[in-house]
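Coordinate-derived values only; no laboratory data. Here the structure is a predicted model, which is why all the values come from computation and not from measurement. Positions of Cβ are generated from backbone atoms using ideal geometry, with glycine treated the same way; all protein chains shown enter the neighbour counts.
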Amino acid sequence: MRYTAFDVETPNQKNDRMSAIGVALIEDGMIVQEYDTIVDPMTFFEPFHIELTGITPEMAKKSPTFPEVWNEIAPLFEDSVLVAHNAPFDLGVLCKCLHAYGIQWKTTVKYVCTVRLGRVCYPGLNDHRLDTLCDRVGIELDHHRAGSDTHACAELLLDYISHDIDPERYFAEFDFLCGRTVDRWKRR
């Protein structure tokens, strides 16, 4: 099965544009391709988000816009189950960006959330935040850096699979027309 892990960072609390995106393509149980870039969100930055992500407006102005980035990464998203940590958030930002720039893509997409799978694989943890799970599994993480968060998410998925967790049992469906999950983690 082909999975595309991804993570976005946002410039402000509106969460309708991205300031960075990381993507990791997983095929045959291995990470086979990775992509990471700062994105010019063409909107304002809030101090909290600058501090959290380390991305400044000056850095973003020198970076490609979302439509330019999408032209490069869209093939990585095709014919894949999408994977993210707290996936509804990342999918929501992606959806809003596609709509904001008038980019037509899929109506719905299957996805799996590594938070949900983490709760199944490691139920005894106090929380299932990305940094907590990475500490538990031994994955290096530079948190709130899209490329690092994406790589960690992909490694977590592979870890769960190695523990005989079948991601397909936890697939959900995100509707890009209404911008929300329409089928929640029903065990199949």
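Annotations
- Local electrostatic count, ASN71, Cβ distance below 15 Å [Lys/Arg +1, Asp/Glu -1]: -4
- Screening the chain for whole DSSP H helices with an alpha carbon extent of at least 18 angstrom along the helix axis and a mean Kyte-Doolittle hydropathy of at least -1.0 yields 87-100, 146-162.
- Cβ-defined net charge surrounding VAL81, 11 Å radius [Lys, Arg +1; Asp, Glu -1]: -1
- A cut-off of 5 Å between modelled amide H atoms, ignoring neighbours fewer than 5 places along the same chain, links THR108 with PHE176.
- Convex hull of Cα atoms in the stretch 1-87, direction-averaged projection (nm²): 5.8
- MRE, 222 nm, helices only [DSSP H, n ≥ 4, -39500 (n - 2.57), over the chain, to nearest 500]: -11000 deg cm²/dmol
- If R0 is taken as 22 Å, the Cβ-Cβ distance between LYS110 and GLU27 corresponds to a FRET efficiency of 0.85.
- Total charge dipole magnitude, the stretch 2-183, about the Cα centre, Cβ charges on Lys, Arg, Asp, Glu only, Debye to nearest 20: 540
- Top positive-direction residue, dipole computed over the stretch 2-183 with Cβ charges, set LEU177, GLY124, PRO47: LEU177
- Spin-label model distance (nm) - ASP166 vs GLU58, 7 Å beyond Cα toward Cβ: 5.4
- Estimated FRET transfer efficiency when R0 is 22 angstrom, pair GLU46-ASN86 (beta carbons, to 0.05): 0.65
- Segment ARG136..VAL182, full-extension length gain: 13.4 nm, with 0.36 nm per residue of separation and the alpha-carbon distance subtracted.
- Shown here for the stretch 22-89: GluC sites (Glu not before Pro) in loop regions (DSSP other than H, G, I, E, B) with at most 12 other Cβ atoms within 10 Å, namely GLU78.
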